[in-house]
1. Of all the residues that make up the stretch 552-578, how many are touching a residue at least 12 places away in the same chain (Cβ under 8 Å), open to solvent by 70 Å² or more (accessible area, probe 1.4 Å) and among the aliphatic types (A, V, I, L, M)?
2. Across the stretch 316-331, which residue is farthest from residue 683 (Cα to Cα) among those that are open to solvent by less than 60 Å² (accessible area, probe 1.4 Å) and touching a residue at least 12 places away in the same chain (Cβ under 8 Å)?
3. All but one of (1) farther than 20 Å from residue 645 by Cα; (2) surrounded by fewer than 18 Cβ atoms within 10 Å (Cβ to Cβ) hold for residue 602, so report the exception by its number.
4. When residue 348 is evaluated against the numbered criteria (1) under 29 Å from the mean Cα position of the chain (by Cα); (2) part of a strand (DSSP E or B); (3) in contact (Cβ under 8 Å) with a residue 60 or more places away in the chain, which criterion, by number, is the only one it fails?
5. Where the second residue is open to solvent by 60 Å² or more (accessible area, probe 1.4 Å) and the first is in a loop (DSSP other than H, G, I, E, B) and lies in the stretch 432-455, which pairs have Cβ atoms under 6 Å and are six or more apart or on separate chains?
6. How about the stretch 247-288: which of its residues are among the small types (Gly, Ala, Ser) and modelled with pLDDT of 65 or more?
7. Any residue in the stretch 337-354 that is open to solvent by 60 Å² or more (accessible area, probe 1.4 Å) and at pLDDT below 85?
8. Scan the stretch 84-107 and report the pairs whose first residue is open to solvent by 90 Å² or more (accessible area, probe 1.4 Å) and whose second residue is assigned to a loop (DSSP other than H, G, I, E, B), with Cβ atoms within less than 6 Å and a gap of 6+ or a chain change.
Amino acid sequence: MPPTATIKKVLNTKTLKKGRQSNSRVEDGDDLEEWKKSKQLLRPKDQLELSEGELKDIIARQLGTNDPLIPQNLVQFNYAQGGFELMPPAGPMIVVYEAQGTQIHKESEEAKKQVVEQGLDPSILEISQSTETLQVEEPIPVIPEEVIEIDEEVTAEESERLEEETEAEEGEGDAEGEGEGEGEGESVRPDDEDEKPQTSGKPKKLTNQFNFCERAALTYNNPMRTQETQTIPPPMGTFSANVLQWIIYDAYQEDFEAQQLEKELERERKEKEKAPVSKHAAMVKKLVGKAHQLSEAVQGRVLECWKVLERMVNQNTFDDIAKDYRYWEDPSDEFRDEEGTLLPLWKFHYDKTRKNTVTDIEWNPHYYDLFAVCFGFLDFMKPLEEGAVCLFTLKNPSFPDYICMTDSAVMCVDTHPKYPYMVVIGLYDGSVRVYNVQATCKQPAFRSNNVTNKHRGIVWEVKWAPDLPDGEMNFYSVSEDGKINNWVLMQNDLAVTTIITLFLAKDEVFGPDGTKLKVKGCASCVKFHPKQPLIYLVGTEEGNIYKCSTAYSSMFLLTYEAHHMPVYRIDFNRYNSDIFISCSGDWRIKIWEDNRLEPLFVFDVGACVGDVKWAPYSSTVFAAVTSEGKVYVFDLNVNKYKPICVQAIVSKRRNKLTRISFNPKLPIIIVGDDKGCVQTLKLSPNLRIPCKAPKKQQHLDQWTLQCMKLDKLLSLVREPGALDLPEDTAESIES
């Protein structure tokens, strides 16, 4: 039972009176008595008054073993039964240390086996023990019924005889000084170990009288042996050399060539051992062996020759378009009043992606005639299982040069500016992949984990970033889950770090469990500053544009309330990095200046704008595509209110234009639609008029003239930050 404690009330009126009397007596005594005087007890005003019976009542307190911190009603899911089942509650006992002893109970099965191995009968042993117990407790020997039930053949006379023999043996043991009564001395002689189990006669006693027996084991330790040998010391020599990088490379190359030669000799030896069945089989084997002997370099040269031949055939087929692409200029632009046209050239498509939508297109930064096309889908009511990214060239419009098929729709692509063969893509399932098209297009060089390291939404855009100080490549990705991740290409894996999570400036909402949660924003596009790698702009599906920095992950540098619908694309001006443009699904195109919350220009085109890009050859020209299948080209220096070219490229009812991109060197653009087709268009002369230098500034280059043209245009629409009042020159003279 747990301990109990009693609480008694000792404060009453009688004790108060006694305390007062004792205080009056102490005053008459000496200082020692005054120091020993009892303290006066003060009764609080709010003290509960109890009766004599209540004061004498004993209140018991019991200590229980129930732990209030142990959780109750725990359940776990049982996959065998397909439901939840109740788990038993945890006990109050905690095992800190547990060790197995060397003693076992005498009545256990293991003890009986040991008794049998020693040559004893367990039944006779139990009878002897019961008789010994009776001799100690009672002078008259009585045989219990339990012993009779165990062995019915044992009679009272045999038990008395056994008792006498046992007493005589104990007397002899005392005379010899063996002392078997207490302790754990051994009573079994070595001669008795080989005896057979006894069924009758004198039983052998166990050494321990406390109803336990020892369990021990003896091992034999082999003696240590030493063995010494004497050998001839290995030859030694002094060597010194400079180990450089090319020396190591040459050594590896020699070793690799030796391994290849050994493999070739082994293969020839095996072929010689196999005797041909007939002359025809021998000739076939000989031809196959010659085909396999072609090196990879020869196969690569043959492949290049086939590519050149295919391009020559296509050039002859599209001879008229090739001449227009290079030399044709629209002569009717001279008679048009500041308006231009677009000349259709080639159409690029891939048969396996006819049902897909062109989700992104981008020119290669190193090869001006090569561009990458992503095939995915934007109609989420009709999802597609597969996607692809294809690399087309203007020299071969009939078939893509590189094809990378994926098991999910490809939504975005970006090519490394330093390594043009490294291509990164973002997929519909939230994962990212990096392809080395120079090595292989079948398997990605790097891919994110489909369980842990991935976005929880569609990856809308990916962008390569400058290489790290260690030389490692990295890129950024944005997704509709509101996260902007930085991926680093390690040796065998992709390492991911979340740079920032977009949260909207709204009140917190209640979650399913009642907790308050911040509302996340859905990122739809990203664009890095061309001169400041740490600064980037993020467009969201809510219509806002956030100016962020990779050095700050908890706040935005600036927020632009740009549009009322999702922002699809953002692009910086090539000649002035403070000017950028944005397009949205609210039919508007807006031009912004950094650190200004109001747009400089706003254009309404009457349809959803899918993409917008600044022209690389002019500081005031940009183009956009809409869902009605039209391409709009604006030149702010010519007209600040309406486009100078509006041309329908595809049918308004059937197709929609999704993406557009300017060639960095040639006066052509490529546009993609929702039927998996990419069209090439050439700009007329009125759409790419160069700047003319003033008579007094003929030495200025085209870049400086374009910057001056843009600054002059922006000065007309900028609002002054503050107006300075002129000084008052009038003076008053007091008379």
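1. 2
2. Selected residue: 321.
3. For residue 602, the failing item is (1).
4. In the conditions (1) under 29 Å from the mean Cα position of the chain (by Cα); (2) part of a strand (DSSP E or B); (3) in contact (Cβ under 8 Å) with a residue 60 or more places away in the chain, residue 348 misses (1) alone.
5. 437/402; 437/421; 438/421; 441/402
6. Residues of the stretch 247-288 among the small types (Gly, Ala, Ser): 251, 258, 275, 278, 281-282.
Hits for the stretch 247-288 are 251, 258.
7. Looking for residues that are open to solvent by 60 Å² or more (accessible area, probe 1.4 Å) and at pLDDT below 85, one finds at least one in the stretch 337-354, hence yes.
8. 92/65; 92/67
The values are calculated or read from the model by the stated rules, or taken from the named source; none is laboratory data. A quick note: this is a predicted structure, and the numbers were derived from the prediction, not measured. Heads up, the Cβs are rebuilt from the backbone with ideal geometry, glycines too, and the neighbour counts pull from every protein chain shown. All accessible areas refer to the heavy atoms of the entire protein, side chains included, with ligands and DNA or RNA removed. Shrake-Rupley method; radii C 1.70, N 1.55, O 1.52, S 1.80 Å.
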